[in-house]
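Here is the structure we will look at.
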Ligand SMILES: Cc1cc2nc3c(=O)[nH]c(=O)nc-3n(C[C@H](O)[C@H](O)[C@H](O)COP(=O)(O)OP(=O)(O)OC[C@H]3O[C@@H](n4cnc5c(N)ncnc54)[C@H](O)[C@@H]3O)c2cc1C
C-alpha cells in the first residue's frame, strides 16, 4: 500500500492551493457579507480547468481521477466553502452524475460538451418541502403526452437554482393506472413553466445560491428522460454515493483552514506573559484537531480512490463513501468550533474567518444525506 500522491496529483494539489490563496481566500469575507454569487471566481475556475471535474475528456471535461478531484476540492474549500459548493454542485459532484452514470452516449454528447465549454450550471433538483431525507416521498409528477412529458411540482433548497441553464429534476412518472415510477429528467431553465422562487438566507455558504424551483406544465421532450422510467431513485442514490467523498473533501478544506488559522493565532496571542500555544491545554486541542483532520483525510482519499474502482468495475463503495462524509463533516464541525475557542472573543467576531468556517461546516452535516442518514446507510451495510 502506497500512501503517496503521484507527481501529477501533487502538481494538481499545488495548483489548486495556489489558486485558492490568490483568487478565493482574499474575497471570501466580502462574498459572505454581501451574500454575493461568485460568478467571477467560477469563471476563473472554469478558465483554468478546475470546474466540471468529474466529466471525462471525451465529453469536454478534464477527465481526471477521483482522488485528484478531491484534492482540488479540498484546496478550494480551504479558500471558501461557498465557492466550492457552487462549483461542485455542478459537474464536480452532484448535478451531472445522473447523466454520467445513467445517460446514453447521445445524451452525454448533446449536453456535456456545451456545459463544459461554456461553464453552464446545472442543478440537482431532488428535495421538496415534504421530501428531504425521505427522497422517495417526492410528489413532482411527469405525465406522458405523445413524445413529451408534462412536469408539475415544486423543489426547495436547490443549489444554483437562480443561475443554472439546466435542471436535473426528479419526478414520478404517472401512468394510466396511477402507479408512480420515480424518474429523472434534464430540463432547460428557459422552458415555459420553469420558475425560480424564494432565495434562502442562510447561516453559512452565504455566497452559494439556494432557492426554490417551480414547474408548471413544463413540456419536456421524451429524449430528456435520463435512464429509464422508474430508475430515478437508483440514480439519485448512486449520485449521492458519488458525491459523498466530495462533501468529505470540502469538510477537510474547511477544517484545515480553521486549524491553520488557530495554530497561527495561538503563536501570536499573548496572555499571562506568553503566547497561548505555550499552554498544554491549547496544545492538546491543536494535537486533537490535527489528528482528527488526518484521520478524515485518509477516509476521504480512500473513498475517492474507491469511486474510480466503482466507475471501472462496479466495486461497491457505499459504506466507505458514507464513512468519509460522516466522519469528515463531524470533524469539520468539531475543529472549527475549537478554532473559535482558541481565538476566544475575537473568534466570535467577524474580524477573523474562523466564525465563517464554523458556520460553513454545519451544512456539511446536513445536506447530501444528513449524518443521521449516513449512519442509517452504514448500519444497513454492517447488518446486511
Ligand atoms: C444550503 C443547502 C443546499 C442544498 N442543496 C440541495 C440541492 O442542490 N439539491 C437538493 O435536492 N437538495 C439540496 N438541499 C437539501 C438537503 O439535501 C436537505 O436539506 C437534507 O437532505 C435534509 O432534508 P430536510 O432539510 O428536509 O430535513 P429532514 O429530512 O426533515 O430531517 C430533519 C432532521 O431529522 C433527521 N432525520 C430524518 N429522518 C431520520 C431518520 N429516519 N432517522 C434519524 N434521523 C432522521 C435528519 O437527519 C435531520 O436532522 C440543500 C440544503 C441546504 C440547506
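Every read-out reported here was derived from the displayed coordinates using simple, explicitly stated rules and does not represent laboratory data. Only a predicted model underlies this, so the values are computations on that prediction, with no experimental measurement involved. Because the Cβ atoms are built from the backbone with ideal geometry, glycine has one as well, and the counts that use them run over all protein chains shown.
Using the Kirkwood radius built from alpha carbon pairs, what does the Stokes-Einstein equation give as D for the chain at 10 °C and 1.306 mPa s, in µm² per second?
Estimated diffusion coefficient is 75 µm²/s.
Tally the DSSP beta bridges in segment 127-268 and give the antiparallel ones as a percent, rounded to 5.
90
Please give, to one decimal in nm, the separation of the simple spin-label points placed at residue 222 and residue 39, each 7 Å out from Cα toward the Cβ.
So the two model labels end up 3.9 nm from each other.
Does anyone have the angle between helix 354-364 and the longest principal axis of the chain? Alpha-carbon axes, 0 to 90°, nearest 10?
In the chain, helix 354-364 runs at an angle near 30 degrees to the longest axis.
Could you line up 277, 207 from fewest to most neighbouring Cβ atoms inside 10 Å?
So the residues, fewest neighbours to most, are 277, 207.
Dividing the Cα radius of gyration by the Kirkwood radius, what Rg/Rh value follows for segment 102-182?
On the Cα set of segment 102-182, Rg over Rh gives 1.01.
Can you report the principal axis dimensions of segment 128-239 using only the alpha carbons, biggest first, rounded to whole angstrom?
On the principal axes, segment 128-239 reaches 44, 29, 21 Å in Cα extent.
Helix 105-118 sits at what angle to the longest principal axis of the chain, using alpha carbons and giving 0 to 90 degrees rounded to 10?
Helix 105-118 sits at roughly 50 degrees to that axis.
Students often check this: by mean Cβ neighbours within 10 Å, which of 132-139, 58-65, 267-274 ranks highest, and how do the rest follow? Provide the component values of the computation, followed by the final result.
Working: 132-139: 14.8, 58-65: 17.9, 267-274: 9.9.
By packing density, highest mean first, the sequence is 58-65, 132-139, 267-274.
Once every DSSP H run of n ≥ 4 in the chain is given -39500 (n - 2.57) and the sum is divided by its residues, what mean residue ellipticity at 222 nm do you get, rounded to the nearest 500 deg cm²/dmol?
Taken over the chain, the calculation gives -17000 deg cm²/dmol.
So, R0 is 30 Å and r is the distance between the beta-carbons of residue 269 and residue 30; what FRET efficiency does that work out to, to 0.05?
Between residue 269 and residue 30 the formula returns 0.75.
What FRET efficiency, computed as 1/(1 + (r/R0)^6) with R0 = 35 Å and r the Cβ-Cβ distance, is obtained for residue 130 and residue 191, rounded to the nearest 0.05?
The computed FRET efficiency comes out at 0.90.
Can you give the Rg and Dmax of segment 233-383 based on its C-alpha atoms, in angstrom?
Values for segment 233-383 (Cα only, Rg and Dmax): 17.5, 61 Å.
Between segment 88-135 and segment 286-327, what's the alpha-carbon centroid distance in Å?
23
Over what distance in Å are the Cα centres of segment 211-251 and segment 139-175 separated?
When both Cα centres are located, 10 Å separates them.
Would you work out the relative contact order for segment 294-384, in percent, from Cα pairs under 8 angstrom that are 6 or more residues apart?
29
Taking Rh as the Kirkwood radius computed over C-alpha pairs, what is the Stokes-Einstein D of segment 47-145 at 4 °C in a medium of viscosity 1.567 mPa s, expressed in µm² per second?
Value of D from the Cα-based Kirkwood radius: 88 µm²/s.
What is the helix-to-structure angle for 318-343, meaning the angle in degrees between its Cα long axis and the longest Cα principal axis of the chain, kept from 0 to 90 and rounded to the nearest 10?
Relative to the chain, helix 318-343 is tipped by roughly 40 degrees.
List 27, 348, 97 from most exposed to least, where exposure is judged by having the fewest other Cβ atoms within 10 Å.
Working: 27 17, 348 14, 97 23.
Exposure proxy ranking, most exposed first: 348, 27, 97.
Normalising by the residue count of segment 7-118, find the relative contact order in percent from Cα pairs under 8 Å and 6+ residues apart. Before the final figure, lay out the partial values.
Details: 109 pairs, mean separation 34.3, N = 112.
Computed value for segment 7-118: 31 percent relative contact order.
Report the residue, chosen from 182, 245, 316, that carries the largest GNM mean-square fluctuation when the chain is represented by alpha-carbon nodes joined by springs under 10 Å.
Between 182, 245, 316, it is 316 that shows the largest mean-square fluctuation.
Please report the antiparallel percentage of DSSP beta bridges with both residues in the chain, rounded to the nearest 5.
80
Calculate, for residue 139 and residue 295, the FRET efficiency according to 1/(1 + (r/R0)^6) with r their C-beta to C-beta distance and R0 41 Å; round to the nearest 0.05.
Efficiency for this residue pair is about 0.50.
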